[in-house]
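Notes to accompany the following structure.
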Amino acid sequence: MTDNSAVLLGRTPKHIPGFARRLRAAIEYAGIRDYGKLTLISNMTGMSPTGVKLLFSEDRPPAERVKFNDLVSGLVKQIKDCKGKDVLDAQLSDHLLYNAVFPMSGTEGRALGTTKSMLGAYDLAHLGRVYILVAKVSEECGVDIFQELSPGCLDSILHRVLKLFSDSKVKLNDPETYALVKSMIQLGVKGLL
């Protein structure tokens, strides 16, 4: 899965869209808090904080292969320190660049993202209604929840709305519910949820 000409030139190989989303998920899995992640990644890679910010805003890996390798190695070390799980640099690299399956605790055999154990406890009909509500609200807010929210943040929003819906018999079509979901999405985009 490598672009040989890019490797020979010291450039990071081409990647498929969604790099920033996959990087956010790996960062979250590694136990790195949203606050301070730019500085930490800057220290891992030798990139400036502004350069690190571009990884997220432009949805791309570092152009230099050595900086990408340093990012991967740093995240692998963080995962080992935080989770006690051995991950191969090649696994994380392929996941970040090509969305390859990245085996992790609770998500074996799947790409990073939805925490099935958290959402699997709910009735599928309720889950479907909540997904539709969150998608509708995010569309009206002009937010792409799959690009602008980390998978963990999206799961958290879904879980909270499902819990509210299940526990207190709140109606999903209620204006207060709509306002609550909108607020959670806005907080999630800012990294505050």
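The values are calculated or read from the model by the stated rules, or taken from the named source; none is laboratory data. None of these values were measured; they are calculated from a predicted model. Methodologically, a virtual Cβ is constructed for each residue, glycine included, from the backbone with ideal geometry; neighbour enumeration extends over all protein chains shown. Just the protein is used for accessible areas: all its heavy atoms, side chains included, with ligands, DNA and RNA removed. Shrake-Rupley method; radii C 1.70, N 1.55, O 1.52, S 1.80 Å.
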Number of the exception - residue 152 against (1) modelled with pLDDT under 85; (2) open to solvent by 60 Å² or more (accessible area, probe 1.4 Å): (2)
Residue 23 being part of a helix (DSSP H, G or I) and open to solvent by 50 Å² or more (accessible area, probe 1.4 Å): no
Subset of the stretch 77-98 [of a type outside the set (Asp, Glu), open to solvent by 20 Å² or more (accessible area, probe 1.4 Å) and on the phi < 0 side of the Ramachandran plot]: 77, 78, 80, 82, 83, 85, 88, 90, 91, 98
The one condition in (1) more than 27 Å from residue 189 (Cβ to Cβ); (2) buried (at least 17 other Cβ atoms within 10 Å of the Cβ) that residue 14 fails to fulfil: (2)
Lone qualifier among 92, 164, 127 - being assigned to a helix (DSSP H, G or I) and at pLDDT 80 or above: 92
Residues satisfying the stated conditions in the stretch 167-191, i.e. closer than 29 Å to residue 23 by Cβ and either assigned to a helix (DSSP H, G or I) or at pLDDT 75 or above (or both): 180, 181, 182, 183, 184, 185, 186, 187, 188, 189, 190
Residues of the stretch 56-84 that turn out to be assigned to a loop (DSSP other than H, G, I, E, B) and touching a Pro at 6+ places or on another chain (Cβ under 9 Å), as a count: 2
Selection from the stretch 26-43 of residues that are in contact with a helix residue (DSSP H, G or I) (Cβ under 7 Å, 6 or more places away or on another chain) and open to solvent by 40 Å² or more (accessible area, probe 1.4 Å): 28, 31, 38, 39
